[in-house]
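Data first, discussion second: the structure below is written as C-alpha cells.
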Amino acid sequence: MNETLQVEILLVEDNPDDLEMELLTLREMKVANHVQIARDGVEALDFIFCRGPYAGRKIENSPKVVLLDLKLPKVDGLEVLRAIKDDPRTQSIPVVVLTSSKEQSDVVESYKLGVNSYIVKPVDFEQFTEAIKKLGLYWLLLNQPPQM
C-alpha cells in the first residue's frame, strides 16, 4: 500500500500498560494499518515536525489523528498540543487528548489550545477498550479531514 494512503495514528503514551491496551484494541479492530508510538513529548514533536530520527519524513504525511496523553516526560502533552495547533502546517491534524487527568484546568487549557476531543481514560478494562474502539471508528473511518 502507498505510504501516503495508510491510516496513521500517532499514539503518544508513556504508560506501558495503557499503551499495550490501546495497541491491542486498535489492532483487534483492524483499523490501524500503521500506528506510530511516541513515549514522550519530545519524540512526539520530532515525529510531527520531521526532526531528529524522523528527519526523512515529509510533514505533509501527517497522521490522521494524534491520541495524546497529557502527563508525559520531557515535554508535557499541553506543550505538544500547543506546538501542533500553533503551526499552520499541522494545525488541522485532529488531536484527541486521552488522559487520566480529570483536572478542569487541563480540560479548559486543552480546548483553549484547540484540542478536537478530551477523553478521560476509563479505569475499567472493558470500558477502556470500548472507548478506544469508538475513537478509532470515529477518527479513522467516519471523520472527513481536509485534503492537504
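The values are calculated or read from the model by the stated rules, or taken from the named source; none is laboratory data. Only a predicted model underlies this, so the values are computations on that prediction, with no experimental measurement involved. Remember, those area values only see protein heavy atoms, side chains included, never the ligands or the DNA or RNA. Shrake-Rupley method; radii C 1.70, N 1.55, O 1.52, S 1.80 Å.
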CD proxy, 222 nm, the chain: helix-only mean residue ellipticity via -39,500 (n - 2.57) per DSSP H run with n ≥ 4, per residue, nearest 500, stands at -11000 deg cm²/dmol
Sorted by chain and then number, the residues having a modelled amide H within less than 5 Å of the amide H of H34, at least 5 places away or on another chain, are V7, I9
Expected max-MSF residue from P63, P94, P16 in the GNM of the chain (alpha carbon, under 10 Å) is P16
Gyration tensor (Cα only) of the chain to equivalent ellipsoid, semi-axes in Å sorted down, yields 21, 19, 15
Length gained if S100 through L19 is fully extended, taking 0.36 nm per residue and subtracting the Cα-Cα distance, is 27.9 nm
Excluding residues fewer than 8 positions from K121 in its own chain, the lysines with Cα under 18 Å of it are K71, K102, K133, K134
With the 8 Å Cα cutoff and a minimum separation of six or more residues, the chain has a relative contact order in percent of 24 percent
With every protein chain kept in place and a 1.4 Å probe, region 1-142 has an accessible area per residue in Å² of 52 Å²
Scoring region 70-148 by relative contact order with C-alpha pairs under 8 Å, at least six apart, yields a percentage of 26 percent
Carbon plus sulfur, as percent of the 1.4 Å-probe accessible area of region 1-112, comes to 49 percent
Out of S62, S105, S92, a Gaussian network model of the chain with alpha-carbon springs under 10 Å gives the largest mean-square fluctuation to S105
